[in-house]
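The values are calculated or read from the model by the stated rules, or taken from the named source; none is laboratory data. Given the structure is predicted, the values throughout are model-derived calculations rather than measurements. For neighbour counting, all protein chains shown are included, and Cβ atoms are generated from backbone atoms with ideal geometry for every residue, glycine included. Surface areas here come from the heavy atoms of the whole protein model, side chains and all, with no ligands, DNA or RNA. Shrake-Rupley method; radii C 1.70, N 1.55, O 1.52, S 1.80 Å.
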Amino acid sequence: SENGREVFMATCSICHQAGGELGYAVGPDIESIAGQTRINLLTKIIKPNDFVTAGYDGYIVETTDGETLTGVMVQESSHSVTLRAPGGVEHTVQRDNLQMARPLGYSVMPEGLESTMSVQDMADLFEFIKNLE
């Protein structure tokens, strides 16, 4: 499980927290999926666009000065929109500087993430996740 924690920190923590303490709250807290089977966990990693958790949809925002931002919409008001990007970085765009904001239609979790891990690292990651229950 210790290697799994290291894999989580190196690969997943840029967008996920574990137990509300490790990592960044861009995607769902990993503890919320700890009770799922290993095959379901693997499927969520291999096919992230098939399982976008409500409230974690990716958004794209274009500003009037030509800047393009992507992330998860964490706040929207009549005055501004705020996106949270990997690493927990938040970008707030005032409505008068907003050219366009729309859902990406897919997850901000990249496809192919599993190719960055060995089979043993993946198994260790699942062990770490399962021990969060």
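Observations, loosely collected:
- Values of log10 I(q)/I(0) for the range 1-71 across q = 0.18, 0.27 Å⁻¹ run -0.79, -1.38, by the Debye formula with one identical scatterer at each alpha carbon and no solvent.
- Alpha-carbon centroid distance for the pair the range 63-112 / the range 14-43, whole angstrom: 22
- Peptide packing: for 77-85, 96-104, the average count of neighbouring Cβ atoms within 10 Å per residue gives the ranking 77-85, 96-104, highest mean first.
- The range 50-93 gives an Rg/Rh value of 0.98, both radii derived from C-alpha positions and Rh following Kirkwood.
- Across the range 58-88, the residues whose backbone nitrogen lies under 17 Å from the label position 7 Å along the beta-carbon direction of I14 are 58-59, 69-72, 84-88.
- Multiplying the residue separation of Q120 and T70 by 0.36 nm and subtracting their alpha-carbon distance yields 14.8 nm.
- Accessible area of E127 in the full protein assembly, 1.4 Å probe (Å², nearest 10): 70
- Seen against the Cα atoms of the chain and their longest principal axis, helix 119-130 is set at about 80 degrees.
- Within the range 32-66: backbone nitrogen closer than 16 Å to the Q99 label point (7 Å, Cα to C-beta): 60-66
- Only alpha carbons enter this Debye calculation for the chain, each as an equal point scatterer, and the log10 of I(q)/I(0) it gives at q = 0.09, 0.21, 0.23 Å⁻¹ is -0.29, -1.19, -1.37.
- For the chain, the mean residue ellipticity at 222 nm estimated from helices alone is -5500 deg cm²/dmol, where every DSSP H run of n ≥ 4 contributes -39500 (n - 2.57) and the total is divided by all residues, rounded to the nearest 500.
- Peptides 54-63, 10-19 ordered by packing proxy, namely the average of other Cβ atoms within 10 Å per residue, highest first: 10-19, 54-63.
- In the range 84-133, the chymotrypsin sites (Phe, Trp or Tyr not before Pro) that fall in loop regions by DSSP, at most 10 other Cβ within 10 Å: none
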